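All of the numbers you see were taken from the coordinates with simple rules; none came from a lab. What you are looking at is a predicted structure, and each value in this text was computed from that prediction instead of being measured. All Cβ positions, even for glycine, are placed from backbone atoms using ideal geometry, and neighbour counts span all protein chains on display.
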Amino acid sequence: MSKTELPVLSGDTRLAVAREGGFAYLPGLAAPREIDCDRLTPLQWARLDTGLRALVALPEAALMSPDGRFFRLTLSSRRTGQPHWQRCLDEPHAPAWLVRLWRDGHAALDEEVPSP
């Protein structure tokens, strides 16, 4: 599984976005948001691809602070569940569109993803 090179998105691709870390475990906040590429419109698909490619340039989360929160993004095969790509980003460095994606799901892709 590659952490740096983003694979090409396909109809079999599922993105899981989870918000992790912090002192308190809150199940509602810990559940990952799952987005299946085959359910996206062509415009949503293109925006997701653009946004994910921009994330590759951001620094990986430190994961050292006991109270720090971070976002874990995982691309995997819907068919096999096999992960293909993973990235962790500290919450303060996460772009606004990623926070909206985690909070609102694929509907957040109806808004334009800002260019890096």
(message) 5 Å is the cut-off here: which amide hydrogens, built 1.01 Å from N in the peptide plane, fall below it relative to Gly68, excluding neighbours closer than 5 in sequence?
(response) Gly22
(request) Report ³J(HN,Hα) in whole Hz for each residue of segment 71-82, in order, from the Karplus equation J = 6.51 cos²θ - 1.76 cosθ + 1.60 where θ = phi - 60°; Gly and Pro get x. (result) 9, 10, 10, 9, 9, 9, 7, 5, 5, 9, x, 5
(request) With θ set to phi - 60°, apply the Karplus curve 6.51 cos²θ - 1.76 cosθ + 1.60 along segment 36-50 and write out the HN-Hα couplings as whole Hz, x wherever there is a Gly or Pro. (result) 8, 4, 5, 9, 8, 6, x, 5, 4, 4, 5, 5, 5, 4, 4
(request) Under 1.5 on a/c is rounded, so check that first for segment 13-110, then, if it is not, pick prolate when a/b is larger than b/c and oblate when it is not; a ≥ b ≥ c are the square roots of the alpha carbon gyration tensor eigenvalues. (result) prolate
(message) Can you give me the long-range amide H partners of Ala61? Hydrogens built in the peptide plane at 1.01 Å from N, cutoff under 5 Å, separation of 5 or more residues or another chain.
(response) Cys88, Leu89, Asp90
(message) Highest mean first, how do 98-111, 35-48 rank when packing is the count of other Cβ atoms within 10 Å averaged over residues?
(response) 98-111, 35-48
